[in-house]
């Protein structure tokens with residue numbers, strides 16, 4: 001990023017794990033005395049923050065995740081009309097099918113009689129590696145503004161906590177925007193339009209200062 005853009009301010013944002021990456025990028029940029037602009041996190045939960053209530057068991061979390069998917073897509077389908085609704089169903093069906101086939105392919109590939117001797121082919125699948133990276137990351141404090149965009153409706157079984165755990169860190173200015181829909185839906189239609197409008201409102205002052 002620094003090689004592509006020599007001068008700041010630098011704007012970074014990300015969803016879920018991408019939000020953690022954006023947060024750490026902003027910390028390192030500030031530590032290097034680089035000007036940081038907008039730092040936006042989209043439905044990013046702070047590592048170590050337990051989103052679910054303590055009494056929720058592992059099998060209940062799996063059930064809640066499935067119910068969340070049903071609620072999430074049901075909400076989006078009801079919010080759309082006509083061709084947009086049909087296109088949404090088609091778009092969501094394709095990745096769901098690929099995920100299902102991918103799980104079966106992963107199980108077959110991990111069978112002992114099919115295991116490769118090549119260490120490169122035995123690398124962790126990306127989702128598992130991402131999960132391990134998320135769990136091991138310990139975010140530090142941030143002497144600047146962080147803008148957290150989060151869905152208004154948390155997953156079933158989740159505990160309260162508007163800041164998704166970020167208020168436990170020393171952040172100079174933590175701004176929280178609640179968006180319509182479920183946790184995780186802010187980057188998808190139709191809620192992404194609201195997100196885009198808010199992002200533009202934050203970026204506009206930087207553009208005006210640059211032109212001025």
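Quick notes on this structure:
- Residues of region 166-202 satisfying the condition of being over 24 Å from residue 85 (Cα atoms), exposed (fewer than 15 other Cβ atoms within 10 Å of the Cβ) and touching a residue at least 40 places away in the same chain (Cβ under 8 Å): 168
- Checklist (1) out of contact with any helix residue (DSSP H, G or I) (no Cβ under 8 Å at 6 or more places or on another chain); (2) touching a residue at least 12 places away in the same chain (Cβ under 8 Å) applied to residue 33, failing item: (2)
- Taking the listed residues 139, 155, the one that is surrounded by 15 or more Cβ atoms within 10 Å (Cβ to Cβ), modelled with pLDDT of 50 or more, in a loop (DSSP other than H, G, I, E, B) and within 15 Å of the chain's Cα centre (by Cα) is 155, with no other qualifying.
- Single match in 49, 23 (criterion: modelled with pLDDT under 95, out of contact with any helix residue (DSSP H, G or I) (no Cβ under 7 Å at 6 or more places or on another chain) and under 15 Å from residue 171 (Cβ atoms)): 49
- Residues being under 19 Å from the mean Cα position of the chain (by Cα) and either farther than 30 Å from residue 13 by Cβ or part of a helix (DSSP H, G or I) (or both) - total across region 43-61: 1
The values are calculated or read from the model by the stated rules, or taken from the named source; none is laboratory data. Everything numeric here is computed off the predicted structure, so don't read it as measured data. Here Cβ is always computed from backbone atoms with ideal geometry, including for glycine, and neighbour counts include all displayed protein chains.
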